[in-house]
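Student: This is the structure, below, for whatever I ask next.
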Amino acid sequence: MKSLGLIFPDQLSKNNLVYENLNKDDTLLYFEPVQTFYDIPHHKQKIIFLISSLRKLISSHNRENSLHKKISKQPPKLKDTLKEILQENKFNKLYVTKPSDFQTLKDLMFFCQIHSIELIVLKDTKFICSNEDFQSWSAGKKSLIQEFFYRWIRKKYSILMDGDKPIGGKWNLDKDNRKGASAINEEIPDRNNIKTDELIVDVMVEVNEIFKDSFGDIDNFNWATTHDEALKQMSWFYKVYFKNFGSYQDAMKSDEPFMFHSLLSAYLNAGLLDPMECVVEAEKLYSTENIPLNSVEGFIRQIIGWREFIRGIYWSNMPHYKELNYFENSRNLPEFFWSGNTDMHCIQQSVDSTRKYAYAHHIQRLMVTGNFAMLAGISPSQICDWYLAVYIDAYEWVELPNTLGMATFSDGGVVGSKPYAASGKYINRMSNYCKSCKYNPKNTTEDDACPFNYLYWNFLIKNEAKLSSNPRMGLIYNTLSKFKDPFKEKVKRKSEIFLKEIS
Ligand SMILES: Cc1cc2nc3c(=O)[nH]c(=O)nc-3n(C[C@H](O)[C@H](O)[C@H](O)COP(=O)(O)OP(=O)(O)OC[C@H]3O[C@@H](n4cnc5c(N)ncnc54)[C@H](O)[C@@H]3O)c2cc1C
Ligand code: SF4
């Protein structure tokens, strides 16, 4: 009896374990029409990136006994495609790398069970830590703290270590990663142009036709679609932006959508780049090129700390995680999340970049759109669908814990120990957005008050019963308790009017 191997568009790692488990006469199925492309209005650039990358991989493999199911207007369901193959070409084993979402894994399990097929789910080689590693680290712990996970991985793989001590004496240089936009005293270099070849243009035409009503511009498509090109992008980042990455990691500036960020998440999450390769190179540059430690440590922490931790959280908590709604929020997502049509300049900038490039950097996602969604009480499922649809790097394993956990605290504290709630004062400190905004970040109850300010206090008032006993919120609730009732009433009233207007 034969086996079938299955490759999804985000499983492009060179060392994907499916290949080594198949014999020459086993069939390999490359499956493009991922269900979520059709369920939510995915950014066109994301579909173009994934389909182009997959098609280039297929032509480089040139494998006999392979099947290629393409995107189409009437997409075949995965289970129907598998059934067809089964009827024509019996197989009793199905090899797949762990999919990027729980539902696909469940569908595969169900299919294999009813057809008496053995399902072999392989380790995903685009991660450093396997799910088993994460489980063994988390076993017996009451709460999972990212910082300790990060230190554990650093020690385990001896990354930025001097014996058993962290290089530089500190594990985490986050405090040195918080300079605002006003401290930037040099031009931010433009991104290089990546060549759009014929295959990509063909895919663009196809995607534009099939996903007519989907979100996003395609004109600015500038993504690598092969392993070699992705490596070049990594080198370019290290050469041009890396030294400033650390200091300005949290800074935001008008019309600077990329700042000093790496733009590597799309490649890491699709398997075009290997995380350990990135980390080893970053560490090397610390000694060979004198890249500042706050950049090197900060970057490595994002990859081996946050990226791996977030994935562990996803698989340890699904499927119930997706249903969490700690604040019981139900407000509809405002239309300006799609159009960018709002007077709030910070949101307009973040959505604009999202629409143009399928990209917004971390602080825009966390402290602008995510923070706003939490303060405004947007339904977690609607905001999660938005993040999943609009970003080039978005898959449920990474989008969900970042949105439900880090950005909106809808998970009640699984990812973070307190909400990342902030008023307009934070955005004003880290960016130059407020200078071009109709609202005033210094005002809370006046006519021109920044909506983030009154929504922030309104959020704290509304959720006092849930948050005031959190030791990390003590200080802020102490401040709130000193505010007079008329101020609180004004804050509530202004929030009510604003939220009604945007609904
Ligand atoms: C609400 C919200 C939703 C998000 N959704 C996604 C998503 O769908 N996909 C995604 O890859 N990241 C997501 N992130 C994390 C982060 O914003 C992106 O990884 C980052 O902006 C990608 O841009 P970059 O490659 O330039 O990252 P850089 O700032 O250059 O960081 C380097 C790398 O670190 C990794 N990284 C950094 N932070 C995180 C994190 N919190 N979780 C996972 N990896 C991280 C990424 O691989 C990234 O490429 C989300 C964050 C928030 C707050
Ligand atoms: S004033 Fe408020 S709404 Fe305007 S950019 Fe600043 S934080 Fe955003």
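Read-outs throughout are calculated quantities, based only on the coordinates presented, and are distinct from any laboratory measurement. Model, not experiment: these values are computed from the prediction. Every residue, glycine as well, gets a Cβ built from its backbone with ideal geometry; the counts of neighbours run over all protein chains shown.
Student: Shape verdict for region 238-285, please, from the Cα gyration tensor: rounded (a/c under 1.5), prolate (a/b greater than b/c) or oblate. Could the numbers behind the result be given before it?
Tutor: Values: a/c = 2.88, a/b = 1.46, b/c = 1.97.
Cα axes put region 238-285 in the oblate bin.
Student: Along the charge dipole of the chain, which of Val491, Phe337, His362 sits closest to the positive end, that is, farthest toward it, with unit charges on the beta carbon of Lys, Arg, Asp and Glu (+1, +1, -1, -1)?
Tutor: Val491
Student: How large is the charge dipole for region 336-502, taken about the Cα centre, if only the Cβ atoms of Lys, Arg (+1) and Asp, Glu (-1) carry charge, to the nearest 20 debye?
Tutor: Rounded to the nearest 20 debye, it is 620 debye.
Student: As an exercise, identify the GluC sites (Glu not before Pro) in region 1-101 lying in DSSP coil whose Cβ has no more than 13 other Cβ atoms within 10 Å.
Tutor: In loop regions of region 1-101 (DSSP not H, G, I, E or B), the sparsely surrounded GluC sites (Glu not before Pro) are Glu64.
Student: Test of understanding: what is the full-extension gain from Lys435 to Asn23, defined as 0.36 nm times their sequence separation minus their Cα-Cα distance? Mind showing how you got there, number by number?
Tutor: Details: separation 412, 0.36 × 412 = 148.32 nm, distance 6.23 nm.
Value of the extension gain: 142.1 nm.
Student: Here is a follow-up. What nm distance separates the two modelled labels at Gln113 and Lys14, each placed 7 Å from Cα along Cα→Cβ?
Tutor: Those two pseudo-labels are separated by 3.9 nm.
Student: Taking the alpha-carbon centroid of each part, what is the distance from region 302-369 to region 378-405 in angstrom?
Tutor: Each part's Cα centre sits 6 Å from the other's.
Student: About the Cα centre of region 2-122, how large is the charge dipole given +1 on each Lys and Arg Cβ and -1 on each Asp and Glu Cβ? Please answer in debye to the nearest 20.
Tutor: Roughly 280 debye, rounded to the nearest 20.
Student: Another question, then. For Tyr38 and Asp255, calculate 0.36 nm times their separation in residues minus their Cα-Cα distance, and state this gained length in nm to one decimal.
Tutor: 75.0 nm
Student: Enumerate the whole-percent occupancy of each 10 Å bin, from 0 to the last occupied one, for all C-alpha pair distances of region 2-122.
Tutor: For region 2-122, the pair-distance distribution reads 12, 48, 35, 5.
Student: Hey, what number do you get for the chain at 222 nm if only DSSP H runs of n ≥ 4 count, each worth -39500 (n - 2.57), divided across all residues, to the nearest 500? Each step should come with its number before you reach the end.
Tutor: Working: 24 runs with 229 residues, N = 503.
So the helix-based figure for the chain works out to -13000 deg cm²/dmol.
Student: In what sequence, highest mean first, do 340-347, 23-30, 159-166 appear when ranked by Cβ atoms within 10 angstrom?
Tutor: Packing proxy ranking, top to bottom: 340-347, 23-30, 159-166.
Student: Shifting gears a bit: Taking other Cβ within 10 Å of each residue's Cβ, how do His362, His115, His42 sort, fewest first?
Tutor: Ordered from fewest to most neighbouring Cβ atoms within 10 Å, His362, His115, His42 come out as His115, His362, His42.
Student: Two decimals, Cα atoms only, Kirkwood Rh: what is Rg/Rh over the chain?
Tutor: My calculation puts Rg/Rh at 0.97.
Student: Which order, highest average first, do 416-428, 172-184 follow once you tally other Cβ atoms within 10 Å for each residue and take the mean per peptide? Intermediate results must be reported in sequence, preceding the final value.
Tutor: On the way: 416-428: 19.7, 172-184: 15.7.
In decreasing order of mean packing, 416-428, 172-184 become 416-428, 172-184.
Student: For Lys70, put the label point 7 Å out on the Cα→Cβ axis and report which residues of region 9-35 keep their amide N under 16 Å from it.
Tutor: Zone members listed by number: 30-34.
Student: From the Cα gyration tensor of region 275-360, with a ≥ b ≥ c the square roots of its eigenvalues, which class applies: rounded if a/c is under 1.5, or else prolate if a/b is larger than b/c, or else oblate?
Tutor: Oblate, because a/c is 1.5 or more while a/b does not exceed b/c.
Student: Moving on. Using a/c under 1.5 as the rounded threshold, could you call region 336-502 rounded, prolate or oblate? The axes a ≥ b ≥ c are square roots of the C-alpha gyration tensor eigenvalues, and prolate needs a/b larger than b/c, oblate otherwise.
Tutor: Judged from the Cα gyration tensor, region 336-502 comes out oblate (a/c at least 1.5, b/c at or above a/b).
Student: OK, next. Pull out the extension gain between Lys141 and Gln382, defined as 0.36 nm times the separation in residues minus the alpha carbon to alpha carbon distance; nm, one decimal.
Tutor: Answer, rounded to one decimal: 83.6 nm.
Student: Under a point-charge model restricted to the Cβ atoms of Lys and Arg (+1) and Asp and Glu (-1), what is the dipole moment magnitude of the chain relative to its Cα centre, in debye to the nearest 20?
Tutor: 1440
Student: Sticking with this structure for a sec: Considering the dipole of the chain built from charges on the beta carbon (Lys and Arg +1, Asp and Glu -1) around the Cα centre, which of Leu273, Ile47, Trp386 is farthest to its positive end?
Tutor: With unit charges placed on the Cβ atoms, the residue in question is Trp386.
Student: Roughly how far apart, in whole Å, are the Cα centres of region 1-77 and region 94-158?
Tutor: 21
Student: Provide the packing ranking of 242-248, 13-19, 482-488, i.e. peptides ordered by the mean count of other C-beta atoms within 10 Å per residue, highest first.
Tutor: On the way: 242-248: 21.9, 13-19: 17.1, 482-488: 10.6.
Ranked by mean Cβ neighbours within 10 Å, highest first: 242-248, 13-19, 482-488.
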